[in-house]
Amino acid sequence: MVLWFCTCCGNLLKFVQHPEGNRFACPTCPYIYKIKKPIRRRTYFEGPARETVIVDTESKWMGVDSTDERCPKCSHPRAFFRQVQIRSGDEPMTQIYRCCNHECAHTWRID
């Protein structure tokens, strides 16, 4: 969609059907732009078709705090935790835990 603006006052021009030919007219001043040929404009996106997202799960857990939360898989008494906004902004944050036992490294969440 292309927007045309008045060269005199800068207002948005309105499309008007007229017996002498279609035109764009300014609603506040007498400026008129007569349409002489069909207006067609195409814009092609030249960027990558899809952005590749690489998720490095180990780097997400670097430098996070730990708390007294028992792992449901191996019963280790401590777990790392993060808070993530998964749903919309008016919903509460989701707490994600990861077992501090590096051999287990089980990940779970509490909504």
- Task: For ALA79, list long-range residues whose amide hydrogen, built 1.01 Å from N in the peptide plane, is under 5 Å from its own amide hydrogen.
- Result: THR67, GLU69, CYS100
- Might you work out the accessible area of PHE81 for me, using a 1.4 Å probe with all protein chains in place, and round it to the nearest 10 Å²? 70
- Task: Evaluate the relative contact order of the stretch 1-40 (contact order divided by residue number), counting alpha-carbon pairs under 8 angstrom at least 6 apart; express in whole percent.
- Result: 29
- Message: Quick query: amide H of PHE5 versus all other amide H atoms, modeled in the peptide plane; which residues come in under 5 Å with a sequence gap of 5 or more or a different chain?
- Response: LEU13
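Could you tell me what percent of the accessible area of the stretch 59-110 is made up of carbon and sulfur, with a 1.4 Å probe and every protein chain present? Kindly include the intermediate steps, with their values, before the conclusion.
On the way: 1680 of 3560 Å².
After summing per-atom areas, the C and S share lands at 47 percent.
The values are calculated or read from the model by the stated rules, or taken from the named source; none is laboratory data. What you are looking at is a predicted structure, and each value in this text was computed from that prediction instead of being measured. Side chains are part of the model used for accessible areas, which takes the heavy atoms of the whole protein and leaves out ligands, DNA and RNA. Shrake-Rupley method; radii C 1.70, N 1.55, O 1.52, S 1.80 Å.
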